[in-house]
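The block underneath contains the structure these notes are about, expressed in structure tokens.
What follows is calculated from the coordinates using simple rules that are stated; it is not laboratory data. Bear in mind that the values here come from a model prediction, so they are computed numbers and not experimental data. For neighbour counting, all protein chains shown are included, and Cβ atoms are generated from backbone atoms with ideal geometry for every residue, glycine included.
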Amino acid sequence: MKTFFALLFHGMLISFASAQDSIPKHETFTIESQFLKETRVINVWLPTDYSTTTINYPVLYMPDGGVNEDFPHVANTLDSLIAIKQIPPMILVGFENTQRRRDLTGPTTVESDKKIAPVVGGSEVFRHFLKEELFTAIQSRYRITSHKGIIGESLAGLFIIETMLMDPRMFNNYIAIDPSLWWNKHQLVDQSAEYMTKFPNDFFVRCWFASSNAKDIKKNTKSFA
């Protein structure tokens, strides 16, 4: 599993730094969310052998999952690594943004945080959308196992770390690139040890994260580590 994370990270970092990826073949559907009170667009990439097998596949979920966001980067990286048998086949589920800074941030008492968008602090509601609506929709449409991962960068990385600490059973694997752990005076970093004492003993969680040298990112990521 460590090799899987390392390979996926390497491929994603190359993709993020490269020119715009081509949009891979994928499926798209919408969810009329009762939690978010809006329509959400969902993009799904299936591994090449999905149509010729009857097996179930693990799922990798991703915020910033629009075709004009990070969905092509991650889908093309997965496709390449699966093709050379470096990682097992899996399904990628991306959810396009509507109000990114609302959905991916938790509550904050910092005035400068509150100014980054008209509405912030909606991460708990967004998790309800994922658990109660998106997971159910994916299960009804595709052949999947119970194994779930989530991947993202920046504010999406913040959401991923927050979710792992507050609701660790949601995913088996958490992958965060440049997580914005400065949010709310790095509250998640300061309270992470306390959160981890409450982790379930019967559920194994893996977390893989990394940061660039950006001052506000590196310092908090190092402290979290």
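Fully extended, how many nm does the chain gain between TYR50 and HIS128 (0.36 nm per residue separation, minus their Cα-Cα distance)?
Working: separation 78, 0.36 × 78 = 28.08 nm, distance 2.85 nm.
Contour length minus Cα-Cα distance gives 25.2 nm.
Compute the length gained on full extension between ASN68 and VAL110: take 0.36 nm times their separation in residues and subtract their Cα-Cα distance, giving the result in nm to one decimal.
Gain in length upon complete extension: 12.0 nm.
Mind checking the angle between helix 155-166 and the chain's longest principal axis? C-alpha axes, 0 to 90 degrees, to the nearest 10.
The angle comes out at about 80 degrees.
Give me the net charge for the shell around THR98: Cβ to Cβ below 15 angstrom, other residues only, Lys and Arg +1, Asp and Glu -1.
Cβ neighbours under 15 Å give a net charge of -2.
State, to one decimal in nm, how far the label point of THR145 lies from the label point of CYS207, with both points 7 Å from Cα in the Cβ direction.
2.3
Can you match Rg and Dmax of the Cα atoms in Å to one of these, (i) 18.3, 55; (ii) 16.9, 53; (iii) 16.6, 50, based on a calculation from the structure here?
(ii)
Could you tally the net charge around PHE29, taking each other residue with its Cβ under 10 Å from the Cβ of PHE29, Lys/Arg +1 and Asp/Glu -1?
+1
How much length would be gained if the chain were fully extended between LYS215 and GLU32, taking 0.36 nm per residue of separation minus their Cα-Cα distance, in nm to one decimal?
61.9 nm
Quick one: angle between helix 71-83 and the longest Cα principal axis of the chain, in degrees between 0 and 90, rounded to 10, please.
Around 50 degrees separate the two axes.
In degrees between 0 and 90, to the nearest 10, how far off the longest principal axis of the chain does helix 215-224 point, with axes built from Cα atoms?
For 215-224 against the chain, the angle is about 80 degrees.
FRET efficiency for ILE84 and MET196, Cβ-Cβ distance as r, R0 = 30 Å, nearest 0.05?
Computed FRET efficiency for ILE84 and MET196: 0.25.
A 32 angstrom limit on the alpha carbon distance is what I want to check against. Which of LYS37/LYS222; LYS85/LYS185; LYS85/LYS215; LYS115/LYS219 exceed it?
Values: LYS37/LYS222 37 Å; LYS85/LYS185 42 Å; LYS85/LYS215 37 Å; LYS115/LYS219 23 Å.
Too far apart for the 32 Å limit: LYS37/LYS222; LYS85/LYS185; LYS85/LYS215.
Only Cα pairs within less than 10 Å get springs; with that Gaussian network setup on the chain, which residue of PRO72, PRO118, PRO107 has the largest fluctuation?
Greatest mean-square fluctuation among the candidates belongs to PRO118.
Restricting the count to DSSP beta bridges whose residues both fall in the chain, what percent are antiparallel, rounded to a multiple of 5?
Expressed as a percentage, antiparallel bridges in the chain total about 40.
May I ask what percent, to the nearest 5, of DSSP beta bridges between residues of the range 25-148 are antiparallel?
Among the beta bridges of the range 25-148, antiparallel pairing accounts for roughly 65 percent.
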